[in-house]
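The values are calculated or read from the model by the stated rules, or taken from the named source; none is laboratory data. Because the structure is a prediction, the values reported are computed rather than measured. A quick note on method: Cβ atoms are made from the backbone with ideal geometry, for glycine too, and the neighbour counts reach across all protein chains shown.
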Amino acid sequence: MSVVELAPAKKLFSCPNCTTEQMLPVIASGTHMHHCPGLRGLTAPLVAAELDVKVETVERGDYIGEEHGITYDEGTPIQSIVTTHSDGSNDTAVFAPSATASSNL
């Protein structure tokens, strides 16, 4: 008996905020991401081209202080990217700020 290796299924993925379109393998968990010029270079998901979705950023509304997080070029802090599907469900990629510490030892 011989083993036949099958190529993974591919599908057209696109971004609703820019012109990016790619034939990519379908993955069981997670999603394909890209640096989106339509979202000012932030890493955003590619979605199956046939889906009716909206992908948008959510700015942080709280005090930032000395935290180091994801920002636009002009310094506006970004909390997350939300993908809203036509049925009202959504997926969210959260950008948690990085913790910093200092010591006077």
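Looking only at residues of the stretch 1-52 that are in a loop (DSSP other than H, G, I, E, B) and of a type in the set (D, E, K, R), we find that the one that is surrounded by the fewest Cβ atoms within 10 Å (Cβ to Cβ) is Glu5. The listed residues are Val82, Val55, and the only one of them that is in a strand (DSSP E or B), touching a helix residue (DSSP H, G or I) at 6+ places or on another chain (Cβ under 8 Å), at pLDDT 90 or above and closer than 19 Å to Phe13 by Cα turns out to be Val55.
Suppose the filter is of a type in the set (A, V, I, L, M) and modelled with pLDDT of 75 or more; does Leu105 pass it? The answer is no for Leu105.
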